[in-house]
Each structure stands twice: as structure tokens, then as C-alpha cells.
Amino acid sequence: MKLLIIGSKGFIGQHLLDFYRQQIDKDVWGCDVNADFEDSKYILMDNSNSDFESVFRNNYFDACINCSGAASVPESLKNPSRDFYLNTFNVFNLLNNIRIFSPSCKFLNLSSAAVYGNPTTLPISENASLDPMSPYGYHKVMAENICKEFKEFYKIEACTVRIFSAYGNSLKKQLFWDVYKKSKDSNCMEFFGTGKETRDFIHISDVVQAIDLILQNSSFDVDCYNIANGKEIEIKTAIEHLLKHLGWQGEFKFNNHNREGDPLYWCADISKIKKLGYAQKVKIEDGLKDYSEWLKELD
């Protein structure tokens, strides 16, 4: 299989690239906006004008995993046009060039649990109504609909994965990175919310495991899969786990103000990926211990 990973320099993309390049039956190519003069199977894109025509006109791929795009709810509120370009327009552009130059290429698009918004019932199944709370969530919904458009009208095989709260080594954003950065500067920290809000955390190695199972087994008939562990964990508890491993001595509190665009509670129904053979391999306590050791190496 000749596989293309768009966004191969990002958090999930890099881990997928490393995973698939260990498999001798796959010819794996990366593609991103950061220069890489050592990787002979890497396609450099223009950050201001993603020319996917040159990618698909000059190469044949059996499958394409799109890990590119913005991944910040607050930034999408500040700059919705940039978020739309990266998370929606680029998906259309990718699929349109697949349609023209490589119509047999399967397309796996990374979406987000943000499409669900603030769910009224838990766990959230893939059939739940979509009610995003941010431009980021809306743009991910649009991207999912673009996949449906190209399947319906042009028979492009596509599927979508809705990733919940992924974490792990090399992640330099979101909750756990924020905790680490604040712990470096103070012995007293403050966070949004009450601490009782919940997330469904999944370690990056389990994200990779789930995506690989989907790549192998999905019908690519615009299937949609939750990627999570089906376990609801309070934010306060998750922070305590990380700080324990960091050896931080101090106090932290919550300001009782919800950040705009953030849901209160998340827990996924993962019965679909379980049927494909998914099983959690990394417990959050172990994953955060490993992440803390990686963070300490940065000091």
C-alpha cells in the first residue's frame, strides 16, 4: 500500500508516520508545510496556498490520511477565517484533486468530538445530533459533509474519525501542556471551570491503533467512528495525575467560569471501534507518567 499522510509534522500525523514506516508492506509518504531536507518521501506544501494538485497529479496513492488543520477552539473564535481555510477548504481541495487525479484513493479524514458540542446524554454515539459550540466544531462538521458530497456525487471512498481528548509525547498544546507550563512558573495555578467537567482521554498510541484498525476494516462508505476509550474522567483528577508525576508542590484552583466553546462533559460510545478489535492499551495514569517523563526532558 502506498500511503500519504497530510499533516505529517503534526502531533497525530508524526506518530502515524512513525508507526506506518515500521511496516515493510507500506510505502509511506509525508506532507506538510515545514521544510524537511532529509526525508526523501516528503512533500513540502506552501503554507499560504496548499497546492494539492501537484501532490496527486505526480503521485499515485492507495490511501490518504488527512491529519492537517487547526486544532484550537479559542483560536477558531479569534480567527474563524483561518480555521475555515485549514479545516474545511483544505478538505474540499484535497478531495477535489483526488477526484481529478486519483479517484481510487481512499480518504480518511480526522474530525473531532467538537462536532457534538455539549451533549445531552452520555455516552455519545456516532448517531448523536451534531451541535457544535465553536467555529472549530462547525468547520469540522462542514468537512464531514464535504466527504459525504464527494462520496455521493463522485464515488470517492471516504470515512471520518471523531477524536476525543488525545494526549501524549510531543503534544505542546491543550490541557496537559497548559498544566506543565503553569507549573514551571508558579506554585499556585488557576484553571477554567469547576474541575468537575469531564473528558474522554486517549493516549496517542491508542489513537494510532484505532486509526489503523479503521484503515484496514472500514467500508469507506462515509463511515464515522468515535476514537476514545469510553471513560469519563474529571478534569481535576486528570490534572492531579499529571502533577503527581511531575512532582509539583503547590495548590491549584478553578475559577468557576466556563471557557467559551468548551463542552461540560464528554464520554464516547466506542462500540463501533471495539467491533473492529480496538482495546485500550494505555491507561491514563501510565500515559501521563510517560508524558511527564517526556516533559522533564524538555527542562
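Give the residues of the range 217-253 that are polar (S, T, N, Q) and surrounded by fewer than 18 Cβ atoms within 10 Å (Cβ to Cβ), sorted by residue number. Result: 217, 219, 237, 249. Taking the conditions exactly as written (in contact (Cβ under 8 Å) with a residue 24 or more places away in the chain and within 23 Å of residue 271 (Cβ to Cβ)), does residue 168 satisfy them or not? Here the answer is no, as residue 168 does not meet what is asked.
Assessment of the range 184-195 against the conditions (surrounded by 23 or more Cβ atoms within 10 Å (Cβ to Cβ) and in contact with a strand residue (DSSP E or B) (Cβ under 9 Å, 6 or more places away or on another chain)) yields no matching residue. Look at (1) within 22 Å of residue 144 (Cβ to Cβ); (2) at pLDDT below 95 and you find that residue 298 fails only one, number (1). Within the range 140-149, the presence of a residue that is in contact with a His (Cβ under 9 Å, 6 or more places away or on another chain) and buried (at least 16 other Cβ atoms within 10 Å of the Cβ) is excluded. Number of residues in the range 90-115 that are under 29 Å from residue 262 (Cβ atoms) and either in contact with a Ser or Thr (Cβ under 9 Å, 6 or more places away or on another chain) or among the β-branched types (Val, Ile, Thr) (or both): the value is 10. With respect to residue 136, determine if the residue is among the aromatic types (Phe, Trp, Tyr), surrounded by fewer than 22 Cβ atoms within 10 Å (Cβ to Cβ) and modelled with pLDDT of 95 or more. No, not satisfied. Against the conditions (1) touching a Gly at 6+ places or on another chain (Cβ under 9 Å); (2) in the same structural domain as residue 64 (by TED's automatic domain parsing); (3) of a type outside the set (Phe, Trp, Tyr); (4) farther than 18 Å from residue 5 by Cα, residue 213 satisfies every one except (4). Entry remark, the range 125-141: residues being within 17 Å of the chain's Cα centre (by Cα) and outside any helix (DSSP H, G or I) number 3 in total. Reported count of residues in the range 223-237, each being more than 12 Å from residue 266 (Cα to Cα) and among the polar types (S, T, N, Q), is 1.
Per-residue answers, yes or no, for (1) out of contact with any Pro (no Cβ under 7 Å at 6 or more places or on another chain); (2) over 26 Å from residue 214 (Cβ atoms):
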residue: 68; (1), (2): yes, no
residue: 76; (1), (2): no, no
residue: 81; (1), (2): yes, yes
residue: 108; (1), (2): yes, no
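Taking first residues from the range 40-66 that are among the basic types (Lys, Arg) and partners that are in a strand (DSSP E or B), the Cβ contacts under 7 Å between residues at least 6 apart in sequence or on separate chains come to 41/28; 41/29; 41/30.
The values are calculated or read from the model by the stated rules, or taken from the named source; none is laboratory data. All values reported here derive from a predicted model rather than from experimental measurement. Glycine also receives a Cβ, built like all others from the backbone with ideal geometry; neighbour counts cover every protein chain displayed.
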